[in-house]
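The next block holds one structure in the form of structure tokens; read it before the comments.
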Amino acid sequence: MPVETGFEVQLGRLAALRSGSPGQPRVLALHGWLDNAASFAPLAAELPGLDLVMLDLPGHGRSAHLAAGADYTLSVTLNAILDVVDGLGWESFAVLGHSMGAGIGSILAASLPQRVRRLVAIEALGALAETPGRTALRLRQSVADMRALPGKKLRVFPDLAAPIRARMQANQLSEASARLLVERGVVAVEGGYAWSSDPRLTLPALQRMTEEQVADLVRGIECPARVVFADPAQSYLPDPLRRARAALLPDGELFVIQGNHHLHMEKPAEVAQAIGDFLNR
């Protein structure tokens, strides 16, 4: 079973789960938006022989939130992740990412080809893109949401059953998968439980890359990569687009597995079969 651990970095403490032992192939696992390290627990059980570090990204799970007035930006997240791998003494490592974590992993691989030796991207590749013609609209919506956030009340659940049901409905998860995420993703407050993730994470990004920039990013991933997508595809990354992105990888393989967005939790054995030999090389 994964064990609880953590790392003191510039922004505070980043919590993590770790399985395997030093000396085995080093793999850094990065979860999806508003998920946490427990997202990888089912898959970790199917991937023996790895030194697998599963982070709670900044503001998620049991990790520190940013200071008041700060924003969650890509540079903040990348620096926190690199503080962790530097603290581990990992000169080179593989990245295993799901959804948002796969997007972050893509950026890590493209920007640090000398350190990221392999990439597994589940349910994302590159970043979410925006059309240039929506630049002003995105700015307006983002600023309005940012200014409105302090006036919103924290949702409090009377027991764990309520947030588990919420995650099951929102993400089409089994009760077991939803429970894993919820037990690590809530904090006890007066009257029950609240999500532990920083509410600022719900704010839309002020800017996004264009599809042309994402394509250049994906072409810049020099390490061997395996991409795993669920069938059916997500609406924000339709099948023709995700296949076109995967085809840009200099050294990439594509796997499609029938399932939902969290297929690494719901079908861990099938996902492990697709990526286990790749990460153990």
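The values are calculated or read from the model by the stated rules, or taken from the named source; none is laboratory data. Computed from a prediction, not measured in an experiment: that's the story for all the values here. Using ideal geometry, Cβ is built from the backbone for each residue, glycine included, and neighbour counts are taken over all protein chains shown. To get the accessible areas, we keep the full protein, side chains included, count just its heavy atoms, and leave off ligands, DNA and RNA. Shrake-Rupley method; radii C 1.70, N 1.55, O 1.52, S 1.80 Å.
At-a-glance table
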{"read-out": "Some residue of segment 25-44 being farther than 21 Å from Ser99 by Cα and touching a residue at least 24 places away in the same chain (Cβ under 8 Å)", "value": "yes"}
{"read-out": "Check on Gly12, of a type in the set (Gly, Ala, Ser) and in contact with a strand residue (DSSP E or B) (Cβ under 8 Å, 6 or more places away or on another chain)", "value": "no"}
{"read-out": "Single unsatisfied condition, Val227 versus (1) among the aliphatic types (A, V, I, L, M); (2) open to solvent by 40 Å² or more (accessible area, probe 1.4 Å); (3) touching a residue at least 60 places away in the same chain (Cβ under 8 Å); (4) in contact with a Phe, Trp or Tyr (Cβ under 8 Å, 6 or more places away or on another chain)", "value": "(2)"}
{"read-out": "Residue match in segment 126-135 (condition: farther than 28 Å from Phe229 by Cα and of a type in the set (Ser, Thr, Tyr))", "value": "yes"}
{"read-out": "Single unsatisfied condition, Ile104 versus (1) in a helix (DSSP H, G or I); (2) at positive phi", "value": "(2)"}
{"read-out": "Which numbered condition Ala269 fails, given (1) touching a residue at least 60 places away in the same chain (Cβ under 8 Å); (2) assigned to a loop (DSSP other than H, G, I, E, B); (3) exposed (fewer than 14 other Cβ atoms within 10 Å of the Cβ); (4) within 20 Å of the chain's Cα centre (by Cα)", "value": "(2)"}
{"read-out": "So Leu78, is it closer than 24 Å to His264 by Cβ, modelled with pLDDT of 95 or more, under 17 Å from the mean Cα position of the chain (by Cα) and surrounded by fewer than 16 Cβ atoms within 10 Å (Cβ to Cβ)", "value": "yes"}
{"read-out": "Residues that are loosely packed, with under 11 Cβ neighbours inside 10 Å and among the basic types (Lys, Arg), drawn from segment 126-153", "value": "Arg140, Arg147, Lys152, Lys153"}
{"read-out": "Residue satisfying condition, being touching a strand residue (DSSP E or B) at 6+ places or on another chain (Cβ under 9 Å), among the hydrophobic types (A, V, I, L, M, F, W, C) and more than 20 Å from Pro42 (Cα to Cα), within set Ala129, Ala148", "value": "Ala129"}
{"read-out": "Cross-chain or 6+ apart pairs with Cβ under 6 Å, segment 51-63 first and on the phi < 0 side of the Ramachandran plot, then of a type in the set (D, E, K, R) and outside any loop (DSSP other than H, G, I, E, B)", "value": "Asp51/Arg26; Val53/Arg18"}
{"read-out": "Candidates Ala68, Ala38 - the one that is open to solvent by 50 Å² or more (accessible area, probe 1.4 Å), closer than 30 Å to Leu149 by Cβ and either assigned to a strand (DSSP E or B) or of a type in the set (A, V, I, L, M) (or both)", "value": "Ala68"}
